[in-house]
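The values are calculated or read from the model by the stated rules, or taken from the named source; none is laboratory data. All values reported here derive from a predicted model rather than from experimental measurement. All Cβ positions, even for glycine, are placed from backbone atoms using ideal geometry, and neighbour counts span all protein chains on display. SASA here: full protein model, heavy atoms, side chains in, ligands and nucleic acids out. Shrake-Rupley method; radii C 1.70, N 1.55, O 1.52, S 1.80 Å.
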Amino acid sequence: MRSTETTIRWIDPVGHDDFSGDIEDLLNDVKRDSTTVETVSLDRGPHHVEYHYYESLVLTDVLHLVKEAENDGVDATVIGCFYDLGLEEAREVSDSMPVMGPAQATTHLASTMGDTFSVVVGRRKWIPQMRATIERYGFGDRLASFRPVDLGVLDFQADPECTRERLTEAARAAIEEDHAEVVILGCTAEYGFHETLQDELGVPVLDAVTAPFKFAELQAELAELGWTHSKIGGYESPRLEEMEAWGIDEDYPTRGVWND
């Protein structure tokens, strides 16, 4: 029997909580009445993950936050980075709690809304990794283009009017020149703009915060049917007895997540 209450925890994989209040407000606006929203960020580390090195620095803490969420009885989590940072690793450490990432959620949804989609990103630096991720998900032939707007993660909310103008220009070019039928905003820091763009451009514009959250709500419901990530292949969990024998919990700051 399906439970009446669902808790979704949003994990912001950066060492600040500057966006957490905005994201929590946004998610509370779109959530189901029976869903509780929780947002957490890291206690340390870089303030964005635009570089592979920064991703490597935060990965351990992100994975332990995922396991901590499962130990706390959270129904599903979202790792809030369009690189889908640590998504496969997170599904390893989670026994059964669904974990979702923005790129996987938005591209899967876009594939149901149009034949092609474009992704509006901040910088060219991001494109190779995001392209490889989208191709791995099987949507390389649906990807019309990437459109960079020359803004870093921390720039998007600094001057909203400038951001809105650049996003609109890039999205319009994607539609008119690249023949995209759906536009994806390819960074969680691009929150707060999709409705304005959608109204102006007349195509679905997928927000990288709202989309994975709504996907996670569905995943939490499906998990009650036993439909969550399979544990017999790529998402097989690490062996607890092995980690105990090696002293993993003592050697790394695991927040005690393997002791519950």
Filter result for Arg131 (touching a Ser or Thr at 6+ places or on another chain (Cβ under 9 Å) and basic (Lys, Arg)): no
message: Would you confirm whether or not region 218-241 contains a residue that is more than 26 Å from Val37 (Cα to Cα) and in contact with a strand residue (DSSP E or B) (Cβ under 7 Å, 6 or more places away or on another chain)?
response: no
Across region 159-201, the tally of residues that are of a type in the set (A, V, I, L, M) and under 21 Å from the mean Cα position of the chain (by Cα) stands at 8
Within region 205-223, residues being aromatic (Phe, Trp, Tyr) and either without any contact (Cβ under 8 Å) to a residue 60 or more places away in the chain or open to solvent by less than 30 Å² (accessible area, probe 1.4 Å) (or both) number 1
From the option list Gly233, Gly226, Gly256, Gly192, single residue qualifying as open to solvent by 50 Å² or more (accessible area, probe 1.4 Å) and either farther than 19 Å from Gly101 by Cα or of a type in the set (Ser, Thr, Tyr) (or both) is Gly226
Here the residues within region 105-134 that are touching a strand residue (DSSP E or B) at 6+ places or on another chain (Cβ under 6 Å) and among the hydroxyl-bearing types (Ser, Thr, Tyr) are Thr106, Thr116, Ser118
Cβ pairs under 8 Å, 6+ apart or interchain, first in region 177-204 and part of a helix (DSSP H, G or I), second polar (S, T, N, Q), ordered by first then second residue, are Ala189/Gln157; Glu190/Thr163; His194/Thr210; Thr196/Thr168; Leu197/Thr168; Glu200/Thr168; Leu201/Thr168
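Condition check ((1) assigned to a strand (DSSP E or B); (2) aliphatic (A, V, I, L, M); (3) modelled with pLDDT under 95) across all residues:
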{"residue": "Thr4", "(1), (2), (3)": "no, no, yes"}
{"residue": "Ile11", "(1), (2), (3)": "yes, yes, no"}
{"residue": "Val14", "(1), (2), (3)": "no, yes, no"}
{"residue": "Glu24", "(1), (2), (3)": "no, no, no"}
{"residue": "Asn28", "(1), (2), (3)": "no, no, no"}
{"residue": "Arg32", "(1), (2), (3)": "no, no, no"}
{"residue": "Val37", "(1), (2), (3)": "yes, yes, no"}
{"residue": "Arg44", "(1), (2), (3)": "no, no, no"}
{"residue": "Glu50", "(1), (2), (3)": "no, no, no"}
